[in-house]
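The values are calculated or read from the model by the stated rules, or taken from the named source; none is laboratory data. Please read all numbers here as calculations on a predicted model, not as lab measurements. Note that each Cβ is placed from the backbone with ideal geometry, even for glycine, and that neighbours are counted across all protein chains shown. Accessible surface is based on the protein model in full, side chains and every heavy atom, while ligands, DNA and RNA are left aside. Shrake-Rupley method; radii C 1.70, N 1.55, O 1.52, S 1.80 Å.
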Amino acid sequence: MEQVLQTFLVFLKNEYRYSDNTVAAYRNDLTQFYDFLQSGKHRDLSSWADITPEIINEYVYNLKHRKKPYAPSSIARKVAAVKSFFNYLHARNMISQNPTEQIDSPKVEKRLPKTLAAKEIEELLQAPLQGNTPKHLRDSALLNMLYATGMRVSEVVFLQMDDVDLENNKLTVTMREGDSRSREVPLDKEMHRILEVYVTEGRPYLVKDPNETALFLNHRGQQLTRQGLWLIIKSYAREAELSSEVTPHTLRHSFAAHKLDSGSELEEVQKLLGHANISTTQIYVHLEEESS
């Protein structure tokens, strides 16, 4: 049974191109389910075909009524992992009946992402312009890139000089850690100008090792970290006297919401954000509806 679990995880990696982090999350959740089977009255089961809906419901009950019960969102994720696994087995005729077919996941209240108003975005982007040092040029490029492209914070800090194509107004963006996929992100004229100023007038004064390839550098001349970028944003949000909490993801959310509000198609925004599934992008439609 354990070998079949491993085969499924390899399938997620090779066929669905899931990141290492996502596969690790599936592995943890499915291992927990397998351990539940092995440690209880069902330990004598020798095949996944022997798993019944009653056993699945018993597992879900166990998750809900532990001494320290899981949050509904965590239970929903664990149940989704189990359902995906049995869907995989059923689709390949490894089991004749899918025991999770009638299993409902816990209802999880959807939290709409927080965004900034256009005026707040403008105030935030203006904050680094109070200075003209290499650090200010870097910070202006950072804030503008997060908002103008909707990139994830990890994608921004992992950008390399070779990823920047100013001649063709685009960036090559790696999807995420542990994932070799990439996508192209266009640069508008203003973002092109700001990035070019940083590359030619800011970065040369920050770099200390001529072999350093990272685009965004910290004061030591090394690749900027996620935490470092978070602190930069927090500092400028405070300087701009914004009442809302601002994180790198706030700018990503704002980018998506403002794009849809200006008439961009959902599929276009999905592509720009690098979402594998359009259902992930649809939350911004709900955000737009709520604000209208």
_Tell me the relative contact order for segment 31-185 as a rounded percent, counting alpha carbon contacts under 8 Å between residues six or more apart._
13
*For segment 127-138, take each phi angle, set θ = phi - 60°, evaluate the Karplus expression 6.51 cos²θ - 1.76 cosθ + 1.60, and give the result in whole Hz per residue in order, putting x for glycine and proline.*
4, x, 6, 6, x, 9, 7, x, 5, 5, 5, 4
*What is segment 1-85 by shape, rounded, prolate or oblate, if you read a ≥ b ≥ c off the alpha carbon gyration tensor as root eigenvalues and call it rounded for a/c under 1.5, prolate for a/b larger than b/c, and oblate otherwise?*
oblate
*Per residue accessible area in Å² of segment 218-292, where ligands, DNA and RNA are left out and the probe is 1.4 Å*: 56
*With every protein chain kept in the model, how would you rank Met94, Met151 by accessible area, 1.4 Å probe, largest at the top?*
Met94, Met151
*Quick one: of Lys135/Lys208; Lys189/Lys271; Lys170/Lys271; Lys119/Lys170, which pairs are farther than 22 Å apart, Cα to Cα?*
Lys119/Lys170
_Could you put Arg183, Arg238, Arg220 in order of accessible surface area, largest first, with the 1.4 Å probe and the full protein assembly present?_
Arg238, Arg220, Arg183
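If you take the Cα atoms of segment 188-292, find Rg, then find the Kirkwood Rh from the mean of 1/r over all pairs, what is Rg/Rh?
Using Cα coordinates only, the ratio equals 1.05.
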*With the Cα gyration tensor of segment 128-274 giving a ≥ b ≥ c as the square roots of its eigenvalues, does the rule (a/c under 1.5 for rounded; else a/b larger than b/c for prolate; else oblate) give rounded, prolate or oblate?*
oblate
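Provide, as a two-decimal number, the C-alpha radius of gyration of segment 200-248 over 2.2 N^0.38 Å, N being how many residues it has.
Working: Rg = 13.2 Å, N = 49, 2.2 N^0.38 = 9.7 Å.
Ratio of Cα Rg to 2.2 N^0.38 Å: 1.36.
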*How high is the relative contact order of the chain, in percent, with contacts defined as C-alpha pairs under 8 Å that are six or more residues apart?*
17
_So, taking all protein chains as they sit and a 1.4 Å probe, how much accessible area belongs to Asp162, in Å² rounded to tens?_
150
_Helical contribution to [θ] at 222 nm, DSSP H n ≥ 4, -39,500 (n - 2.57), averaged over the chain, rounded to 500_ = -16500 deg cm²/dmol
*Over the alpha carbons of segment 152-223, what is the largest minus smallest coordinate on each principal axis, giving the biggest first in Å?*
31, 30, 19
*What do you reckon, how do Thr213, Thr281 stack up by accessible area (1.4 Å probe), largest on top?*
Thr213, Thr281
*asked:* Compute the helix-to-body angle for 248-261: its Cα long axis versus the longest principal axis of the chain, expressed 0 to 90° and rounded to tens.
replied: 90
*asked:* Give me the three principal axis extents of segment 6-156 from the C-alpha atoms, as integers in angstrom, largest value leading.
replied: 70, 34, 24
_Restricting segment 45-151 to trypsin sites (Lys or Arg not before Pro) in coil, as DSSP defines it, with at most 10 other Cβ within 10 Å_ = Arg66, Lys67, Lys107, Lys110, Arg111
*Over the heavy atoms of Glu122, what accessible area does a 1.4 Å probe trace out, to the nearest 10 Å²?*
120
*Which percent of Cα-Cα pairs in the chain sits in each 10 Å bin, short to long?*
6, 23, 26, 20, 15, 8, 1, 0
*Leaving ligands, DNA and RNA out of it, work out the accessible area of His90 with a 1.4 Å probe and give it in Å² to the nearest 10.*
70
